[in-house]
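**Q** Handing you a structure now.
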Amino acid sequence: MTASWLKLGRRHVWRPYCQHQTAPDPLPVVGARGCRLLLADGRSLVDGIASWWTAAHGYAHPHIATRVRAQLEQLPHVAFGGLAHEVGYTLAARLASLFPESLNRVFFVESGSVAVEVALKIALGAARGTARTDVVAFEGAYHGDTFATMALSDPVESMHAGFAARCSFPIHHFPISESDEAFAARFASVAPTTAACIIEPLLQGAGGMRLHEAQVLRRLRAACTKHGVSLIFDEVATGFFRTGPRFALDEAGVVPDVVVCGKALTGGTLPLAAVVASDGLFDSFLGSDPAMALQHGPTYMANPLACAAAHASLDLFDAGDFGARVSALQAKLKAGLAPLATRRGVREVRIKGGVGVVELESGAAPSSASLARRGVFLRPLRFADRDVVYLMPPLVIDDDDLGALLAALAAELTG
Ligand SMILES: Cc1ncc(COP(=O)(O)O)c(C=O)c1O
């Protein structure tokens, strides 16, 4: 039976990434606990993608709820312009302490896309008055759904294909895997006019869940330093232990000029993202002219409820030995998914930290509906030439729920 509120609202709600003419109804969720989504019809599904990778600690974590509730009583919101609040200022200091020393300045926004926009604004702003107007991005990238971030995303095969050509600044999309020599020559050819280079370190997420080696980041850092280009790491997906260490930059041993993080920052509770920039970039906005300031200030910037949720999420990350937890999860994902490599239609299985990927021939991925009938929620990505089933469950998932996810996928990929 369809929930009455779903019937009421479905003529009015415009859903994300949805072809309304053909899409089935979404699953009505009435609650979420731990790693499970509770549906209106009484079923509970294991959530294999943690609400787009935000719910790292599982849903309804009591510690996050307690801190948000206390903040709600004290100060749910106040504008960040001309006013300050403790929870935002202490969060900025806490976040800065998680990054290498030069990354010190934190700008809060409400989404990963806007955070990437702000990172670009910072890098392009720092280059104002020079010939540097361009940005280097990568094939296979996904950086969000706002106009500039769509333009940064893969120009050919992503859902945002074609936007790069319509962007107000030139974007050069590089292949991610090529020889060091080819990369160096390609970079040098655009460097004089390039202000910034942006990459999702180690794992390209929604653009296809592809992995690359740390060497890609090292040579990028070297090229950016050599040519005076600002390097931006978009860690919206990879941050907070998703690929193993706290940040992908920790594994790579590379320090960018700006890091963007979001998603698991609040443990999937409230929308918050952060841009963490170097002192050098911050200083480039200083001057006696007010017009030199970073001209950005979202209404809900550093929303205190979201900042409280972030503090609580960071408390849990601090207490939880997530490095070890995620390496155990990686081993279990590997054991469960590697045998699927020989199934019909499967092209490749890839594992990195708390991310398991099964890449298939186009049309070979099971639908979310049939996976839901097996008790799990997954949302395969579909491209023109391939399907990608990915598992990015809450990092705290237990063996039973993980087993249910793996079993459901294995049962769907027969042959
Ligand atoms: C790497 C990356 N950057 C940016 C974004 C955009 O974040 P948001 O959806 O919060 O705008 C995402 C979202 O999936 C992402 O994975």
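**Q** Let a ≥ b ≥ c be the square roots of the eigenvalues of the Cα gyration tensor of the range 201-313; is it rounded (a/c under 1.5), or, if not, prolate (a/b larger than b/c) or oblate? Mind showing how you got there, number by number?
**A** Numbers: a/c = 2.34, a/b = 1.06, b/c = 2.21.
Oblate is the answer for the range 201-313, as a/c is 1.5 or above yet b/c matches or exceeds a/b.
**Q** Just from its helices, what would the mean residue ellipticity at 222 nm be for the chain, if runs of 4 or more DSSP H residues each count -39500 (n - 2.57) and the sum is divided by every residue, rounded to the nearest 500 deg cm²/dmol?
**A** Values: 14 runs with 144 residues, N = 415.
Helices in the chain give a 222 nm mean residue ellipticity of -10500 deg cm²/dmol.
**Q** If N is the number of residues in the range 145-246, what value comes out of its Cα radius of gyration divided by 2.2 N^0.38 Å? Could the numbers behind the result be given before it?
**A** Numbers: Rg = 13.7 Å, N = 102, 2.2 N^0.38 = 12.8 Å.
In units of the globular-protein estimate, the range 145-246 measures up at 1.07.
**Q** Starting with the fewest neighbours, write out LEU38, LEU333 ranked by other beta-carbon atoms found within 10 Å of each beta-carbon. Walk me through the numbers on the way to the answer.
**A** On the way: LEU38 16, LEU333 27.
Ordered from fewest to most neighbouring Cβ atoms within 10 Å, LEU38, LEU333 come out as LEU38, LEU333.
**Q** Take the chain, mark every one of the trypsin sites (Lys or Arg not before Pro) that falls in a DSSP loop and has at most 12 other Cβ within 10 Å, then report the longest stretch left between them, sites excluded. Write down the numbers at each step before the final one.
**A** On the way: sites that count: ARG11, ARG128, ARG344.
Between exposed loop sites, the widest span is 129-343.
**Q** Distance in nm between label sites at ALA93 and ALA335, each 7 Å beyond Cα in the beta-carbon direction?
**A** Distance between the two pseudo-spin positions: 4.4 nm.
**Q** Could you give the length gained by full extension between ASP25 and ASP385, i.e. 0.36 nm per residue of separation minus their alpha carbon distance, to one decimal place?
**A** Values: separation 360, 0.36 × 360 = 129.60 nm, distance 2.61 nm.
Difference between extended and current length: 127.0 nm.
**Q** To continue, here is another question. According to the Kirkwood expression over distinct Cα-Cα pairs, how big is the hydrodynamic radius of the chain, in Å? Intermediate values should be presented prior to the final figure.
**A** On the way: mean 1/r = 0.0450 Å⁻¹.
The answer is 22.2 Å.
**Q** Oh, and also: Under a 10 Å cutoff between Cα atoms, tell me which one of THR266, THR194, THR22 has the largest fluctuation in the Gaussian network model of the chain.
**A** Maximum among the listed residues: THR22.
**Q** Determine ³J(HN,Hα), in whole Hz, for all residues of the range 364-379 in sequence, where each value follows from phi through the Karplus function 6.51 cos²θ - 1.76 cosθ + 1.60 and θ = phi - 60°; x replaces Gly and Pro.
**A** These are the phi-based 3J(HN,Hα) values: 8, 6, x, 7, 4, 5, 6, 5, 5, 5, 9, x, 9, 10, 9, 9 Hz.
**Q** Oh, and also: Would you list HIS77, HIS173, HIS12 from fewest to most Cβ contacts within 10 Å?
**A** Working: HIS77 15, HIS173 19, HIS12 6.
Starting with the residue having the fewest Cβ neighbours, the order is HIS12, HIS77, HIS173.
**Q** Next up: HN-Hα J couplings of the range 13-20 from phi, Karplus 6.51/-1.76/1.60, θ = phi - 60°, integer Hz, Gly and Pro as x?
**A** Result, rounded to whole Hz: 7, 9, 7, x, 6, 10, 8, 4.
**Q** Over the chain, with a Gaussian network built from C-alpha contacts below 10 Å, which listed residue (PRO393, PRO339, PRO290) shows the highest mean-square fluctuation?
**A** Looking only at PRO393, PRO339, PRO290, the largest GNM fluctuation is found for PRO290.
**Q** Turning to a different aspect of this structure: Note the full-extension length gain between ARG33 and ALA84 as 0.36 nm times their separation in residues minus their Cα-Cα distance, in nm to one decimal. Each step should come with its number before you reach the end.
**A** On the way: separation 51, 0.36 × 51 = 18.36 nm, distance 3.37 nm.
This chain segment gains 15.0 nm when fully extended.
**Q** I've got another one for you. Arrange the following residues from fewest to most other Cβ atoms within 10 Å of their Cβ: MET392, MET292.
**A** Details: MET392 28, MET292 13.
By the 10 Å Cβ count, ascending: MET292, MET392.
**Q** Which GluC sites (Glu not before Pro) in the range 202-257 pass both tests, a DSSP loop state and at most 14 other beta-carbon atoms within 10 Å? All intermediate terms of the calculation are to be shown ahead of the outcome.
**A** Details: sites: GLU213, GLU235, GLU251; in loops: GLU213, GLU235.
Within the range 202-257, the qualifying GluC sites (Glu not before Pro) (loop, at most 14 other Cβ atoms within 10 Å) are GLU213.
**Q** Now for a separate question. Can you work out the FRET efficiency for the pair SER44 and ALA214, with r the C-beta to C-beta distance and R0 = 35 Å, to the nearest 0.05? The partial results should precede the final answer.
**A** Details: r = 39 Å, r/R0 = 1.11.
FRET efficiency, SER44 to ALA214: 0.35.
**Q** Evaluate the range 75-319: find the radius of gyration of its Cα atoms, find its Kirkwood radius, and give the ratio Rg to Rh.
**A** A ratio of 0.95.
**Q** Based on the Cβ-Cβ distance from ARG347 to ALA293, what FRET efficiency comes out when R0 is 45 Å, to the nearest 0.05?
**A** 0.35
**Q** By the scheme Lys and Arg +1, Asp and Glu -1, what is the net charge of all other residues having a beta-carbon under 11 Å from that of GLY244? Could you put the intermediate results ahead of the total?
**A** On the way: positive: ARG242, ARG246, ARG325, LYS352; negative: ASP250, GLU251.
Net charge in that neighbourhood comes out at +2.
**Q** With each label point set 7 Å from Cα along the Cα-Cβ vector, what nm distance links ARG166 and ALA65?
**A** 4.4 nm
**Q** Same structure again: Among ALA291, ALA40, ALA79, determine the one that fluctuates most according to a GNM of the chain built with springs between C-alpha atoms less than 10 Å apart.
**A** ALA291
**Q** Any aspartates and glutamates with Cα under 18 Å of the LYS7 Cα? List them, leaving off those in the same chain fewer than 8 positions away.
**A** By straight Cα distance, LYS7 reaches ASP25, ASP41.
**Q** Beyond 26 Å between alpha-carbons counts as too far, so tell me which of LYS121/LYS226; LYS121/LYS352; LYS263/LYS332 fall in that bin. Walk me through the intermediate numbers first.
**A** Working: LYS121/LYS226 22 Å; LYS121/LYS352 31 Å; LYS263/LYS332 24 Å.
Listed pairs above 26 Å: LYS121/LYS352.
**Q** Something else: Write down the percent of antiparallel bridges among all DSSP beta bridges whose residues are both part of the range 75-319, to the nearest 5. Can you show the working numbers first?
**A** Numbers: 12 of 26 bridges.
Antiparallel: roughly 45 percent of the beta bridges in the range 75-319.
**Q** What is the local net charge at GLY228, summed over the other residues whose Cβ is closer than 12 Å to its Cβ (Lys, Arg +1; Asp, Glu -1)? Present the calculation step by step, with values, prior to reporting the outcome.
**A** Working: positive: ARG132, LYS226; negative: ASP257.
Charge balance near GLY228 sits at +1.
**Q** Given labels modelled 7 Å from the Cα in the Cβ direction, how far is it in nm from SER179 to LEU6?
**A** 5.6 nm
**Q** Using 0.36 nm times the number of residues separating ALA188 and SER367, minus their current alpha carbon distance, what extension gain do you get? All intermediate terms of the calculation are to be shown ahead of the outcome.
**A** Numbers: separation 179, 0.36 × 179 = 64.44 nm, distance 4.44 nm.
Result: 60.0 nm gained on full extension.
**Q** When the Karplus curve 6.51 cos²θ - 1.76 cosθ + 1.60 is applied with θ = phi - 60°, which whole-Hz ³J(HN,Hα) does each residue of the range 39-44 get, with x for Gly and Pro?
**A** 9, 4, 8, x, 6, 10
Read-outs: derived from the displayed coordinates by stated rules, not from any lab. Everything numeric here is computed off the predicted structure, so don't read it as measured data. With ideal geometry, Cβ positions are generated from the backbone for all residues, glycine too; neighbour counts draw on all protein chains shown.
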